[in-house]
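Colleague: Could you have a look at this structure, given as structure tokens, before my questions?
The values are calculated or read from the model by the stated rules, or taken from the named source; none is laboratory data. Values in this document were obtained by computation on a predicted structure and should not be read as measured data. We place every Cβ from the backbone using ideal geometry, glycine too, and count neighbours over all the protein chains shown. Surface accessibility is based on the protein's heavy atoms, side chains included, excluding ligands, DNA and RNA. Shrake-Rupley method; radii C 1.70, N 1.55, O 1.52, S 1.80 Å.
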Amino acid sequence: MHIRPHWRTLAAGGLLGFASGLAGLAQPLAARAVIDALGAGRPPAGPIALLVALVIGGGALAATGRFVLDRTAERVVLAA
């Protein structure tokens, strides 16, 4: 009952957490691309940029999702 008015915000926080998890799972693949580029003598700038974007983006998604869920939890408790 108390959570029903906040279901959209909770879903958004959950989706942000899920997206950050996907970014975390993609990081080893990007690291492998960096290592493969170095081993093949190619410039690793592209794979490094991808890895940096995944790390920063995943952290931002995780922090935002956590903030949204924490804020919603406080509103649920306040309304109860």
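Colleague: Which is within 21 Å of the chain's Cα centre (by Cα), of a type in the set (D, E, K, R) and surrounded by fewer than 16 Cβ atoms within 10 Å (Cβ to Cβ), of ARG8, ARG42?
Modeller: One residue alone meets the criteria, ARG8.
Colleague: Which residue out of ALA60, ALA79, ALA73 is among the hydrophobic types (A, V, I, L, M, F, W, C), at pLDDT below 95 and surrounded by 12 or more Cβ atoms within 10 Å (Cβ to Cβ)?
Modeller: Being among the hydrophobic types (A, V, I, L, M, F, W, C), at pLDDT below 95 and surrounded by 12 or more Cβ atoms within 10 Å (Cβ to Cβ) holds for just one of ALA60, ALA79, ALA73, which is ALA73.
Colleague: Let me ask another. Quick check: anything in the range 47-62 more than 17 Å from GLY17 (Cβ to Cβ) and among the small types (Gly, Ala, Ser)?
Modeller: yes
Colleague: In the range 15-39, what residues are small (Gly, Ala, Ser) and either touching a strand residue (DSSP E or B) at 6+ places or on another chain (Cβ under 9 Å) or open to solvent by less than 40 Å² (accessible area, probe 1.4 Å) (or both)?
Modeller: Scanning the range 15-39 gives GLY17, ALA19, SER20, GLY21, ALA23, GLY24, ALA26, ALA30, ALA31, ALA33, ALA37.
Colleague: Return the total of residues in the range 45-80 being part of a loop (DSSP other than H, G, I, E, B) and within 21 Å of the chain's Cα centre (by Cα).
Modeller: 0
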